[in-house]
Amino acid sequence: MSASEPVPNGLDDAFRLTSYLELKGSGCQVPESVVSEMFNSPAINGTSQRQETQLQQMLRQMSIDTCARGGGQRHHLRIECRYPIIDDPCALGKIICAEALGNFYALGITACDKMMMMACQPPQMSNKEFTAVFSMMETGFKECFKGTYGKEMWAMYMHTSCFMIGGLVSAYWPQHHLVARGNALDGDVLVLTKPLGTQVAIDAYDCIGQPERWERYKMFVSEEDVRGAYQQAVKTMCRLNRQASNLMHVHNAHGAMAVSGFGILHHANKLASLQKKPVSFVIDTLPVISKMAAAAKASTVDDKCPLLQGLSVETSGGLLICMPREEAVALCNFIGAYGDGPAWIIGTVQNGIRKASIIENVKIIEVSE
């Protein structure tokens, strides 16, 4: 564990949470099939007369009623699970909280009702280690949750074959106050509210102190560059998209998608496929965490750079928003002046075939704190 990251109290200095990482190079997203199997499995020690699933038990314990309420309010539920992406448990708790809320914010749901942090203890992790890590993750999760203005928060743990952390978020929201995802028009622009390159920064940072792995980076970036980028990436991943979500209602957003789990091109393609009009998205600008465009070249194969192709994995990324240009300028100006970080116009909406693309000579914006 790096000296810049706190070691959970009572644990050896050599303890590394990422040593429990299940899928190296995946961005640490838990496969949907694994999440589904875990929450649809029978609950342990259930108290109801009928057999419950893990998810049903959790919702009952949190007093969450999934039925629609008066005034057209429908229940919305989201669960996100990750393998440990970094070694700092407190920051990891913040990241999974922000990650779980990302899809809500993309829909214009700006107020969550209840949240739960979930952590899974693998058999190879001792009770002492897990207790220390769980406590720090809960602290971070609670700190991030305060920024949501949610009502109640829980934390729970389970025993599974590998270490995971998850976030469950519940909200009731009027259907007519959702931001529809399919209303992009020719002439709109694309806005992004967080810089790219989080996984590049994490991968490069993980190579510091390992000469064989660092060899491929040192011709592109310095250790100081990577340490700064890593800290910026963590700060970015911990940040909520709540302000941008609020502004989507004010500035006539025509659709949005949370950038998380996959590269930006994947999410842009997914959003383009949902459009009512035959339009396509053309990305001409990529805002990237400082020096990470250079660092990404270290993993380039056949002159193909995943980051510059929009294929680099992101975690707890920004919102990709379609909106009229004048409204986008106003949103970016407001976030730049009053937000925790800038936002950028990164492309255009044009008549097309509901696909997304990145131009060959894409412009790179180096984003520093």
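Condition check ((1) touching a Leu at 6+ places or on another chain (Cβ under 7 Å); (2) aliphatic (A, V, I, L, M); (3) open to solvent by 50 Å² or more (accessible area, probe 1.4 Å); (4) not assigned by the TED database to the domain that holds Ala293) across all residues:
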| site | (1), (2), (3), (4) |
| --- | --- |
| Ala119 | no, yes, no, yes |
| Val133 | yes, yes, no, yes |
| Met156 | no, yes, no, yes |
| Ile202 | no, yes, no, no |
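Could you list, in sequence order, the residues of the range 58-86 that are touching a His at 6+ places or on another chain (Cβ under 9 Å) and part of a helix (DSSP H, G or I)?
The one that is touching a His at 6+ places or on another chain (Cβ under 9 Å) and part of a helix (DSSP H, G or I): Gly72.
Cβ-Cβ below 7 Å, separation at least six or inter-chain, first residue in the range 294-312 and at positive phi, second at pLDDT 90 or above and in a loop (DSSP other than H, G, I, E, B): which pairs?
Taking only residues 6 or more apart or on different chains, the pairs are Gly310/Gly263.
Looking for something assigned by the TED database to the domain that holds Ile358 and modelled with pLDDT under 95 - is there at least one such residue anywhere in the range 262-275?
So far as the range 262-275 goes, yes, one or more of its residues are assigned by the TED database to the domain that holds Ile358 and modelled with pLDDT under 95.
Take the residues in the range 346-362 that are in contact with a helix residue (DSSP H, G or I) (Cβ under 7 Å, 6 or more places away or on another chain) and buried (at least 18 other Cβ atoms within 10 Å of the Cβ); name whichever of them is nearest to Phe281 (Cα to Cα).
Across the range 346-362, the extreme among qualifying residues is Ala356.
Has the range 121-141 got at least one residue that is within 29 Å of Cys207 (Cβ to Cβ), of a type in the set (Phe, Trp, Tyr), at pLDDT 95 or above and under 15 Å from the mean Cα position of the chain (by Cα)?
yes
Closer than 30 Å to Ser280 by Cβ, touching a helix residue (DSSP H, G or I) at 6+ places or on another chain (Cβ under 7 Å) and open to solvent by less than 30 Å² (accessible area, probe 1.4 Å): is that true of Val191 in this structure?
So Val191 passes the test.
The values are calculated or read from the model by the stated rules, or taken from the named source; none is laboratory data. Small disclaimer: the values here were computed from a predicted structure and weren't measured. For neighbour counting, all protein chains shown are included, and Cβ atoms are generated from backbone atoms with ideal geometry for every residue, glycine included. Each accessible area value is taken on the protein alone, full model and side chains, heavy atoms only, with ligands, DNA and RNA left out. Shrake-Rupley method; radii C 1.70, N 1.55, O 1.52, S 1.80 Å.
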